[in-house]
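The values are calculated or read from the model by the stated rules, or taken from the named source; none is laboratory data. Please read all numbers here as calculations on a predicted model, not as lab measurements. A quick note on method: Cβ atoms are made from the backbone with ideal geometry, for glycine too, and the neighbour counts reach across all protein chains shown.
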Amino acid sequence: MSRAPRNKRFGTPRPPARSLSAPPGGALRRMLAAHLAAVNGRDLDRLMAFYADDAVLEFPASPRLLGKAKIRRAFASFFDNWDETSTYDAVVISGNTAAVEGIVTGRHRTLHLRIPGRIETGSRVYHHGFAMFVEVAGGKIISQRVYFDARDLVKQLLGD
C-alpha cells in the first residue's frame, strides 16, 4: 500500500503536486508573450485586443484605470512619451493568474512636467526590475497590476 508523502515537520499528508503550466497555463503563457510583443512593438490596436472591456490596470504613481477606453488612452500616452523595451525573466502561472518578473530598459522621449527637475528630451537610459500580476477570464485580461520602484526610476532619469 502506497502512502501519500508526509510533511516532515508536522507529519500531515501533503497535497499532490500540480503543474504550474497546466491548462489554461499554456494559453496564458502564449497570451503573455503576444502581449509583451505588442507592448514592445508599440502596437496599440493589437495590445488592446488582450483587454476585457471592464479591465483594471494599475501602475505605481498612477491612478487606477478602469475600462478599456482609459487603458487605451494611457498606453497611447505611454507610447508617445517613453521608449521602453521589456523582457520577462520569470513567469509563474496558477489557474488564470500569472506572476511575472522582468526588466525594463528605456529612455524618456519628451519633457516630463510632473517630475521635479523636469526630465528633458533624450534623457538618460534607465533600467529597472518589475513584478506584474495578470488575471484573465474568457481569454481576456481583467486585471493587470505592475509594481516597480518609481522613486528609483525618477532618480535614474534625473541623474541622481
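Data for the structure
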| item | result |
| --- | --- |
| Residue within segment 45-56 that is in contact with a strand residue (DSSP E or B) (Cβ under 6 Å, 6 or more places away or on another chain), touching a residue at least 40 places away in the same chain (Cβ under 8 Å) and exposed (fewer than 14 other Cβ atoms within 10 Å of the Cβ) present | no |
| Among the residues listed as Ile93, Ile141, the single one being at pLDDT 80 or above, part of a strand (DSSP E or B) and more than 22 Å from Gly41 (Cα to Cα) | Ile93 |
| Qualifying residues in segment 96-122 (those that are over 22 Å from Arg29 (Cβ atoms) and either under 12 Å from the mean Cα position of the chain (by Cα) or part of a strand (DSSP E or B) (or both)) - the one modelled with the highest pLDDT | Thr105 |
| Residue, surrounded by the most Cβ atoms within 10 Å (Cβ to Cβ), within segment 57-89, restricted to residues that are out of contact with any helix residue (DSSP H, G or I) (no Cβ under 7 Å at 6 or more places or on another chain) and part of a strand (DSSP E or B) | Glu84 |
